[in-house]
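Asks: Take a look at the following structure, please.
The values are calculated or read from the model by the stated rules, or taken from the named source; none is laboratory data. The shown structure was predicted, so the numbers you read here are calculated from the model rather than taken from an experiment. Glycine gets a Cβ as well: all are built from the backbone with ideal geometry, and neighbour counts include every protein chain shown.
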Amino acid sequence: MSRQTHLSRVTRRETLGCLTAAAAAAALGIRTVGAQGMKAAMGDADRLTDLGMELNAHQRSAGVAFLERHATVDTHSHPGRFFLKQLAYETPTTRALGAAFEERAVADLHAGNVSAALFSAVADMRLLDMTAQGLRASRIFAPGEAYADYRRQLTELKALAANPALTKGLSPADVEAAHRRHKTAAVFAVEGGDFIEERLDRIHEAFSEGVRAVTLVHYHVKQIGDIQTEAPVHNGLTALGKSIVTEMNDIGIIIDLAHATYALTKDVLDISTKPVLISHTNLATPTLNHPRLISSEHAKLVAGTGGVIGSWPSGFGQTTFADYIDSIQRLIDAVGIDHVAIGTDMDANFKPVLRSYRDWSLIPAALLARGLKDQEVAKVLGGNFLRVFKAMRTA
Ligand SMILES: [Zn+2]
Ligand SMILES: [Zn+2]
């Protein structure tokens, strides 16, 4: 089917998932479903009806009540694809993605009673191409280019955070306060350290403008270190990358190692004085391997230094919400209850099995229904992330 036909049959808002899914499925050697099937699979932020598991009315209410008692955090998110706002350029990928839909995303966050989410700018948006191998950077950045796009997205983030349903998420206390006030704290984050270039002062600048987490690498094969979805170039962390890690430690910005190779992760952990985050991934299994998933050795390395791993409802090896709950449980079994979190990648996900924040309460509902204790679920839904956030405090 041509792209034109495809786009005319599904709404533009669905196309990131569709296109990414098609590309990734091709990479995995899986036959792709047709546009109509994908439309049904993606929905339009419909509430989940078929969970792949039984949750009765009492269990569902327990999930909603849980959110009243505990602050909850999504460790990776792009609400309403705000990164597409005020675009100064156009690429085949941005054309396919269409327009941002922030208002609806904020309404969903509010309705779902999400206490905080890491609102992630996409550092290398400008370079991203959907290929048969999945997302790839089409070229390398020209000097200053990544920083300019970061400035655009940060301006948009600041405008978005002024929404009355949101508050600034500058500290763990802000997250707790947002929970008490039934608001969502927007913790600013950047997926990809590309904007730093060779200017360590930009890490200070980012912190002063509210950025609290940076995913060191994304798809741009760059100066910091190697990514999971390309062949290694640096065999881990570069000298510049080391300076960036040290600077981020000193300033108190969370280092997110999603998209980083095992070698890069190991190099960062060798020098980092603070625990790290992997904001959105899952364990590879004997029957499912994909570059974006991690081995249990990789997960244990992060957990062993006090870090936290956000389990990702990506659709890799998951066809239902219940499969996602299995992914969370596998991570807990591998690294322990103190090192698992929730990282949805909402609104820019591969083939999400959690489509809207309106269904956020289903996660605690399902974990409680599976027999986890209230305090254990509280760790996974927010407590573990908040521990890492608190550890960023500098003297
Ligand atoms: Zn990502
Ligand atoms: Zn992302």
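Asks: So which residues in the stretch 303-330 are within 24 Å of THR273 (Cα to Cα) and aliphatic (A, V, I, L, M), if there are any at all?
Replies: Within the stretch 303-330, ALA303, VAL308, ILE309 qualify.
Asks: Considering only the stretch 317-395, give the helices (runs of 4 or more DSSP H) lying wholly within it that have at least 3 residues that are buried (at least 19 other Cβ atoms within 10 Å of the Cβ).
Replies: Once the helices (runs of 4 or more DSSP H) in the stretch 317-395 are filtered for at least 3 residues that are buried (at least 19 other Cβ atoms within 10 Å of the Cβ), what remains is 321-335, 362-369, 384-390.
Asks: So which residues in the stretch 117-139 are over 24 Å from VAL106 (Cα atoms) and β-branched (Val, Ile, Thr)?
Replies: THR131, the sole residue that qualifies.
Asks: With ILE342, ILE294, ILE271 as the choices, which residue is of a type outside the set (Phe, Trp, Tyr), within 17 Å of VAL388 (Cα to Cα) and touching a Leu at 6+ places or on another chain (Cβ under 7 Å)?
Replies: On inspection, the qualifying residue turns out to be ILE342.
Asks: Please work out if PRO313 is more than 16 Å from ligand 1 (Cβ to nearest atom) and touching a Leu at 6+ places or on another chain (Cβ under 9 Å).
Replies: Spelling it out, it is not the case that PRO313 is more than 16 Å from ligand 1 (Cβ to nearest atom) and touching a Leu at 6+ places or on another chain (Cβ under 9 Å).
Asks: Okay, moving on. Out of ALA105, ALA111, ALA96, ALA116, I need the residue that is of a type in the set (Gly, Ala, Ser) and at pLDDT below 95. Which one?
Replies: That would be ALA96, the only listed residue that is of a type in the set (Gly, Ala, Ser) and at pLDDT below 95.
Asks: Answer yes or no: is there a residue in the stretch 77-94 that is within 16 Å of ligand 1 (Cβ to nearest atom), part of a strand (DSSP E or B) and in the same structural domain as ASP226 (by TED's automatic domain parsing).
Replies: The answer is yes, given that some residue of the stretch 77-94 is within 16 Å of ligand 1 (Cβ to nearest atom), part of a strand (DSSP E or B) and in the same structural domain as ASP226 (by TED's automatic domain parsing).
Asks: Quick one: which of LEU170, LEU166, LEU157 is within 16 Å of ligand 2 (Cβ to nearest atom), surrounded by 16 or more Cβ atoms within 10 Å (Cβ to Cβ) and not small (Gly, Ala, Ser)?
Replies: The unique qualifying residue is LEU157.
Asks: Let me ask something additional. Scan ILE227, ILE244 and give me the residue that is free of Cβ contacts under 8 Å to residues at least 60 places away in the same chain, within 16 Å of ligand 2 (Cβ to nearest atom) and out of contact with any Ser or Thr (no Cβ under 6 Å at 6 or more places or on another chain).
Replies: Within the list ILE227, ILE244, the selection yields ILE227.
Asks: Could I ask something else about it? Kindly establish whether ALA231 is under 20 Å from THR75 (Cβ atoms) and assigned to a loop (DSSP other than H, G, I, E, B).
Replies: Against the criterion (under 20 Å from THR75 (Cβ atoms) and assigned to a loop (DSSP other than H, G, I, E, B)), ALA231 does not qualify.
Asks: Given the structure, is ILE309 within 16 Å of ligand 2 (Cβ to nearest atom), more than 21 Å from ALA231 (Cα to Cα) and without any contact (Cβ under 8 Å) to a residue 60 or more places away in the chain?
Replies: Yes.
Asks: Can you tell me which residue among ARG126, ARG139, ARG95, ARG81 is more than 29 Å from VAL175 (Cβ to Cβ) and within 16 Å of ligand 2 (Cβ to nearest atom)?
Replies: Only one candidate passes the filter, namely ARG126.
Asks: Would you mind finding the one in VAL268, VAL221, VAL214, VAL245 that is out of contact with any helix residue (DSSP H, G or I) (no Cβ under 6 Å at 6 or more places or on another chain) and modelled with pLDDT of 95 or more?
Replies: Just a single option satisfies the conditions, and that option is VAL214.
Asks: Scan the stretch 86-108 for residues that are surrounded by 19 or more Cβ atoms within 10 Å (Cβ to Cβ) and within 26 Å of ARG292 (Cα to Cα) and jot them down.
Replies: Within the stretch 86-108, THR93, LEU97, ALA100, ALA105 qualify.
Asks: If we scan the stretch 275-296, do we find a residue that is away from ligand 1 (no atom under 16 Å from the Cβ), buried (at least 24 other Cβ atoms within 10 Å of the Cβ), in the same structural domain as THR75 (by TED's automatic domain parsing) and among the aliphatic types (A, V, I, L, M)?
Replies: no
Asks: Also, I was wondering about something else. Looking for something surrounded by fewer than 22 Cβ atoms within 10 Å (Cβ to Cβ), in contact (Cβ under 8 Å) with a residue 12 or more places away in the chain and in a strand (DSSP E or B) - is there at least one such residue anywhere in the stretch 255-270?
Replies: no
Asks: Something else: Take the residues of the stretch 284-301 that are part of a loop (DSSP other than H, G, I, E, B) and more than 16 Å from SER314 (Cα to Cα): which is farthest from ligand 2 (Cβ to nearest atom)?
Replies: The extreme case among them is PRO286.
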